[in-house]
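This report refers to the structure that appears directly beneath it.
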Amino acid sequence: MPTFVKICGICSGHDLEQISVLKPDAVGFIQWPESKRYVPAEEVGQWETPEGIKRVGVFVCPGEAELAHAAQHGRFDVIQVHKVHDSWNFDRNFFQELEVWRATTPGELYHSESGFDFDRFLLDSYDEKSVGGTGKTCDWNMAKTLIRVTEKPILLAGGLTSDNVAEAITEVKPWGVDVSSGVEKELRIKDMDKVKAFIAAARSV
Ligand SMILES: O=C(O)c1ccccc1N[C@@H]1O[C@H](COP(=O)(O)O)[C@@H](O)[C@H]1O
């Protein structure tokens, strides 16, 4: 099965339109107001996405009310949650179609004892400035082990580019890959040549 490809941190309707033509499997929008790539859900909700491309809202430690509001206004198919505690919960009854992905570092997932039934996991790297979009790779060795032993599909994120994504897929064997800063021209603006090269490299494996 081809590797699932998500292009994250899209900040304008113009970029979304151009990226959609390149047919990634998912596009992501940062819903954390402290991020430099933040776009309010109301704005994302005005942008169209072709059928077959999942819309992912990316959150940091969100509460249920925040998620319910954003999921509705941003018309998200998936919510990706970073930095949630093992006791974090979300009542799926209100949003039965919505997938919930948990983003952690490989080390956090290794030690996690979460009771919530996440649909997918995403392995990323954090630094002192941000909890995502750092452009730094995570521990691929640990990611590889987790991917082997975890039943749910896992996406690999953090520091991927068109230069290393094929190697990452071959080496780590994730279900999917995710990129943000590695396909940027400058902060908040995607470089379409880089996006195209990233998708081609990921699908070449
Ligand atoms: O991009 C951000 O600012 C961000 C903020 C908070 C949580 C996640 C964020 N981005 C996510 O980081 C990964 C990897 O990014 P990169 O390729 O290393 O730049 C990506 O999944 C974004 O969803």
The correct count of residues that are within 15 Å of the ligand (Cβ to nearest atom), within 19 Å of residue 202 (Cβ to Cβ) and assigned to a loop (DSSP other than H, G, I, E, B) in segment 1-29 is 6
Taking segment 163-205, which residues are acidic (Asp, Glu), closer than 20 Å to residue 109 by Cβ and either within 14 Å of the chain's Cα centre (by Cα) or open to solvent by less than 70 Å² (accessible area, probe 1.4 Å) (or both)?
-> 178
For segment 35-52, which residues satisfy the criterion of being closer than 19 Å to residue 157 by Cβ, surrounded by fewer than 21 Cβ atoms within 10 Å (Cβ to Cβ) and either in contact (Cβ under 8 Å) with a residue 40 or more places away in the chain or in contact with a Gly (Cβ under 7 Å, 6 or more places away or on another chain) (or both)?
-> 35, 36
On the given criteria, is residue 205 part of a loop (DSSP other than H, G, I, E, B), touching a residue at least 60 places away in the same chain (Cβ under 8 Å) and more than 13 Å from the ligand (Cβ to nearest atom)?
-> yes
What are the residue pairs meeting all of these: first residue in segment 176-188, first residue within 22 Å of residue 155 (Cα to Cα) and of a type in the set (D, E, K, R), second residue open to solvent by less than 20 Å² (accessible area, probe 1.4 Å) and at pLDDT 95 or above, Cβ atoms under 7 Å, and 6 or more apart or on different chains?
-> 178/6; 178/8; 178/122; 178/155; 178/157; 184/190
What single numbered condition from (1) surrounded by 13 or more Cβ atoms within 10 Å (Cβ to Cβ); (2) more than 30 Å from residue 204 (Cα to Cα) fails to hold for residue 87?
-> (1)
Test residue 104 against the stated conditions and say whether it is within 13 Å of the ligand (Cβ to nearest atom) and open to solvent by less than 10 Å² (accessible area, probe 1.4 Å).
-> yes
Six or more apart or on different chains, Cβ under 6 Å: which pairs go from a residue in segment 55-69 that's more than 19 Å from residue 155 (Cα to Cα) and in contact (Cβ under 8 Å) with a residue 24 or more places away in the chain to one that's open to solvent by 70 Å² or more (accessible area, probe 1.4 Å) and among the small types (Gly, Ala, Ser)? Could you list them?
-> none
Specify the residue that is least open to solvent (accessible area, probe 1.4 Å); the eligible residues are those in segment 129-162 that are within 14 Å of the ligand (Cβ to nearest atom) and free of Cβ contacts under 8 Å to residues at least 24 places away in the same chain.
-> 136
Does at least one position in segment 61-72 carry a residue that is closer than 20 Å to residue 177 by Cβ and either among the hydroxyl-bearing types (Ser, Thr, Tyr) or surrounded by 15 or more Cβ atoms within 10 Å (Cβ to Cβ) (or both)?
-> no
In segment 183-202, the residues that are of a type in the set (D, E, K, R) and touching a Leu at 6+ places or on another chain (Cβ under 7 Å) = 196
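The values are calculated or read from the model by the stated rules, or taken from the named source; none is laboratory data. Note that the coordinates shown come from a computational prediction; the quantities given were computed from them, not determined experimentally. Neighbour counts run over all protein chains shown; Cβ positions are idealised from the backbone, glycine included. Protein only, heavy atoms only, side chains kept; ligands, DNA and RNA dropped before computing areas. Shrake-Rupley method; radii C 1.70, N 1.55, O 1.52, S 1.80 Å.
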